[in-house]
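The structure appears below as structure tokens.
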Amino acid sequence: MNGRTPAQSFVSGPLSRAILRLRTQRGLSLSALADQSGVAKGTLSNLERGVGNPTLETIFALSRGLGVPIGELVSSEEEAASTFVGRDDARHIRGVAVELMLYDRFASTGSATEIYDFRCLPGDRQVSRGHPGVEHIVVKQGRLLTGPTSSPIEVGPGDYVSFPSWGDHAYEALDEVVEGFLVIHYPNPAAPSVAIKVESLDSHADRRKP
């Protein structure tokens with residue numbers, strides 16, 4: 001036994017191959033990638049060899065440093081498009097407060113989209129220093145304080161929020177465990193920036209009524 005859970009193994013294998021591939025394509029040494037991402041050289045060396053348990057914080061940092069979608073780091077290139085992904089088959093990524101399960105990612109010319117199951121645990125605040133993309137969150141249970149760290153937004157069951165994720169942003173469960181869905185869209189780099197958007201799904205449904 002190697003001490004890792006199957007979910008951790010699912011992530012570390014694709015991540016190992018992605019780091020080596022992207023680093024080679026960019027002509028980066030481990031030291032240069034460490035400077036660019038803020039991830040220690042020793043940690044990068046271990047991850048590239050498939051050793052260790054990558055956290056959500058590390059994957060956020062690599063996504064930011066390499067300028068690639070999170071899913072590109074943790075999905076196998078050999079995977080075919082899936083029509084069904086069981087809970088045990090999803091890619092599990094854990095941080096101090098947030099747990100993500102990547103169910104699928106799909107790309108078209110110049111853009112990509114990833115679909116995650118999202119959980120935020122009370123007692124800690126998950127902070128991201130930024131990564132590519134625009135985040136879209138629908139809360140199904142609990143109350144979540146999220147968005148840019150300079151102007152967080154409280155959302156509850158049935159609410160939807162979206163914000164660009166390049167800057168510092170955070171997630172904090174205000175009482176019970178928060179459950180919902182996270183979609184990260186990576187638009188064409190030339191596309192205009194997306195403003196913060198908040199909606200209640202219930203009120204949105206009401207506006208559709210005749």
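Observations on the model:
- Student exercise, the stretch 6-74 dipole from Lys, Arg, Asp, Glu Cβ charges, in Debye to nearest 20: 180
- Projecting label points 7 angstrom from Cα along Cα→Cβ for Thr24 and Phe106 puts them 3.1 nm apart.
- FRET E, pair Ala40, Leu145, Förster distance 35 Å, beta-carbon r, rounded to 0.05: 0.70
FYI, it's all coordinate maths here, none of it is from the lab. In this text, all values refer to a predicted model and were calculated from it rather than measured experimentally. Don't worry about glycine lacking a Cβ; one is built from the backbone with ideal geometry, like all the others, and counts go over all protein chains shown.
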